[in-house]
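The values are calculated or read from the model by the stated rules, or taken from the named source; none is laboratory data. Keep in mind that this is a model prediction, so the values were computed, not measured. For neighbour counting, all protein chains shown are included, and Cβ atoms are generated from backbone atoms with ideal geometry for every residue, glycine included. The protein model used for the area step is the full one, side chains on, heavy atoms only, and it has no ligands, DNA or RNA in it. Shrake-Rupley method; radii C 1.70, N 1.55, O 1.52, S 1.80 Å.
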Amino acid sequence: MANSNSINVYIFLDDRYPNSWLPKYTSHGLAKYLIKVFNTYGVNVSLVDGDGLKKLFSRDPSRDILVMVQDILPYSVWNGSPNSLIVRWIRNGGILVWTSDWEFYYYGFSNGSSVHLEGMETVPFGRAVTSAANVSVASVGGLTRKYIPGFRGYRSYRPFDRDLLYGLYYEAYGVGTYAGKEYIDPGLIGLGRGYFVKIGGCFEEALGLLDRAIYIGEFILNRFAGLNVSLFAGREYFDSCGQSIVYILPPKASSDYWMKRYGDRIYFYAYENLSGFRDYIDEDFRLISFYYSNVIIVMPLIENELVYHNIMVLDSIADKYGLGIIYSIFPKWFYGEEWLYLVSGSMANYALRHIMEFMVMQSSTRGVAIWFGWPNMMDKISLIRDFYLHLGPELRKYYIVWIDEPMVSGLVEAGLPTLLDSLGVPAITELYSNLSIALYGYAFSRQMIVTGVWGMENTVSWRNRVVRKLSYMFIDQNKSYMPRKVGVWIYWDVDDGSNELYRAYINGALANPLNNETILIRYKLIDIIYVRDSDGGIHKYVSRVSLAWEPNKNITLCVAEYTPMEINGRMTQPTEIYVFVRWVWLDAWWEGGRLGQLIIYREAHLSIRR
């Protein structure tokens with residue numbers, strides 16, 4: 001089997017039949033992820049139910065792989081006999097991939113019941129091969145890296161016992177030792193002309209849904225389709241510049257008042273005068289500026305004098321530290337139904353346009369993201385086009401669509417990515433579950449993923465968890481993509497009435513999930529910036545930029561937030577940037593300590609990092 005279309009993958013999924021260890025939602029998640037992966041790489045893949053298994057086993061199995069995302073086979077194909085359809089199918093050349101509880105230990109019925117017969121689990125192999133040992137398995141090196149490059153080990157409760165495999169053909173990809181004996185998981189055993197494969201003989205608590213799915217996917221693609229694929233490379237496709245963090249209440253002003261009074265803490269920005277909290281916000285923004293390029297300010301759609309005043313306060317503090325602000329407006333119900341902001345002429349639309357116009361006048365504003373997504377509005381995405389077209393050229397440059405996690409899958413299926421791509425509008429998607437990041441992290445051409453992790457005790461564990469989460473994002477490595485942006489939820493959410501604990505500011509410290517040691521150096525003076533466009537012309541371009549310096553590495557100019565320029569009647573994106581300076585003093589700070597100053601005396605040429 002030398003290429004992806006030389007195999008057929010069938011995934012058994014039938015809710016009528018029971019599971020042993022795997023929850024049904026895990027079975028569905030495994031199937032959903034694997035279908036996406038195999039479709040992407042051109043592998044023939046389809047779901048098969050209990051009735052379909054009998055039909056599958058009646059055909060030549062030499063190109064077929066069956067993946068069991070449920071850990072009990074139907075009685076119609078496995079009845080404990082060596083003449084069962086499944087046993088004959090494997091011995092004639094089929095490949096069975098098994099996960100979770102003991103293989104062949106039960107047979108199940110469509111009424112949800114299951115039966116175990118003494119010793120039936122040994123019948124397909126002609127002997128016992130599996131043990132109930134509780135053992136931690138780890139990579140065996142080259143073979144594991146070749147076929148399951150994302151493998152990082154787990155605790156197996158149903159491993160193969162190496163001593164019991166004597167005389168059989170087998171391959172070991174994960175090995176553990178207990179009481180002087182060696183156990184194997186993942187592993188492969190040859191049966192006749194076919195193979196039995198075990199990946200993850202354990203509970204979900206020992207091996208999560210995405211890790212289990214990635215190991216199965218990598219193994220099939222690399223071992224049987226002859227590819228060289230890593231499904232755990234999502235972290236590499238995130239932009240190293242322009243990360244953002246959500247900021248609502250300052251830690252020193254955290255209170256459940258806003259939740260109790262208005263039902264949401266974001267009303268802080270509509271009904272409180274931020275001048276009284278300026279010192280708190282200043283302190284937070286200063287720390288944030290060492291790690292992030294932008295803060296995301298979430299506020300309700302309410303137009304009043306305090307809102308305008310507070311926007312100016314936020315802008316002045318952000319500008320002081322070279323931070324950009326992405327405003328996120330959650331419409332709420334001050335002007336009626338939330339979606340009415342999309343309707344030209346409505347009070348909500350009128351107020352929103354006024355606020356957006358004021359926001360984009362501020363020097364620190366990088367974008368204005370507006371919530372979209374209601375269960376009864378999935379077929380109304382054309383409203384976004386109408387709203388966008390009525391904004392006018394200047395506001396369109398800043399417009400972003402914000403989508404909450406429960407709405408993402410439905411809006412993707414409704415065609416929102418195609419619509420936003422046609423308009424050139426970015427999306428910010430809240431994606432917290434590993435499966436959501438894997439399936440929808442690359443749903444939109446221009447996309448920021450806002451995510452977070454719950455209840456971490458320190459910034460090291462927080463960063464490790466976020467990095468792991470981002471790495472689950474699935475991409476087709478044979479295609480080119482615009483790097484993803486990262487938004488962290490949230491700077492602080494303790495004692496604010498939200499009953500959440502996503503806060504990234506932990507024990508007085510902060511971290512960045514992508515640039516662990518990056519020092520952001522904020523400029524004091526850059527005289528002129530010129531940009532070379534795609535036609536070769538050089539034009540003056542004014543943009544707020546930041547320089548990033550990593551120890552023992554070159555200085556990088558990060559132009560993470562820029563807007564297209566209108567040149568000769570058309571919009572163009574900068575491709576190269578030339579910085580002409582007489583001199584620039586740059587103060588470098590790291591964790592509150594000053595490192596020194598950098599002086600640039602002459603022209604510098606740098607490539608844009610997006």
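Some points to look at:
- Projecting the Cα atoms of 232, 246, 275 onto the charge dipole of the stretch 201-309 (Cβ charges, centred on the Cα centre) puts 232 farthest toward the positive pole.
- Residue by residue, the stretch 339-348 carries 3J(HN,Hα) couplings of 6, 5, 4, 6, 8, 4, x, 6, 4, 5 Hz when phi is fed to the Karplus relation 6.51 cos²θ - 1.76 cosθ + 1.60 (θ = phi - 60°); x denotes Gly or Pro.
- Centroid-to-centroid separation of the stretch 336-410 and the stretch 450-464 [C-alpha atoms, Å]: 31 Å
- Amide H contacts under 5 Å for residue 47: 11, restricted to partners 5 or more places along the chain or on a different chain, H placed in the peptide plane at 1.01 Å from N.
- The stretch between residue 280 and residue 136, if pulled fully straight at 0.36 nm per residue, gains 47.1 nm over its current Cα-Cα span.
- Amide H contacts of residue 328 (H built 1.01 Å from N, in plane; Pro and chain starts excluded): 297, 298, 299, 369 sit under 5 Å, all sequence-distant by 5 or more or on other chains.
- Extension gain for residue 272-residue 168 works out to 30.1 nm (0.36 nm per residue, less the C-alpha to C-alpha distance).
- Segment residue 457..residue 236, full-extension length gain: 76.9 nm, with 0.36 nm per residue of separation and the alpha-carbon distance subtracted.
- Unsatisfied cross-links (Cα-Cα over 31 Å) in the set 181/469; 146/469; 36/198; 24/469; 380/485: 181/469
- Sorting the segments 99-108, 126-135 by their residues' average number of neighbouring beta-carbon atoms within 10 angstrom, most packed first, yields 99-108, 126-135.
- Entry comment: accessible area of the stretch 314-454 is 37 Å² per residue, from protein heavy atoms only and a probe of 1.4 Å.
- Phi to ³J(HN,Hα) by Karplus 6.51 cos²θ - 1.76 cosθ + 1.60 over the stretch 303-320, Hz, x for Gly, Pro: 9, 8, 5, 5, 4, 5, 4, 5, 4, 5, 4, 4, 5, 5, 6, 4, 4, 4
- Placing pseudo-labels 7 Å out from each Cα toward the beta carbon at residue 361 and residue 344 gives an inter-label distance of 2.3 nm.
- Using the Cβ of residue 505 as centre and a radius below 10 Å, the other residues enclosed give a net charge of -1, where K and R count +1 and D and E count -1.
- Dipole of the stretch 317-445, positive direction: furthest Cα of 437, 376, 318, with charges on the beta-carbon: 318
- Per-residue Karplus couplings for the stretch 139-148, computed as 6.51 cos²θ - 1.76 cosθ + 1.60 with θ equal to phi - 60°, are listed in order as 4, 9, x, x, 5, 5, 4, 6, 9, 9 Hz, Gly and Pro entered as x.
- Cβ-derived FRET efficiency at R0 30 Å, residue 110 paired with residue 179, nearest 0.05: 0.15
- Looking at the stretch 1-128 alone, DSSP beta bridges between its own residues are antiparallel in about 10 percent of cases.
- Residues whose placed amide H lies under 5 Å from that of residue 399, excluding near-sequence neighbours: 368
- Mean sequence separation of contacting Cα pairs (under 8 Å, at least six apart), scaled by the length of the stretch 407-477, corresponds to a relative contact order of 32 percent.
- Only protein heavy atoms count here; under a 1.4 Å probe, residue 330 has an accessible surface of about 20 Å².
- Between residue 306 and residue 39, the FRET efficiency estimated from the beta carbon spacing at R0 = 45 angstrom works out to 0.30.
- Sparse-neighbourhood loop sites, chymotrypsin sites (Phe, Trp or Tyr not before Pro) in the stretch 297-334 - DSSP loop, at most 14 other Cβ within 10 angstrom: 333
- Cα centroids of the stretch 269-321 and the stretch 70-99: 62 Å apart.
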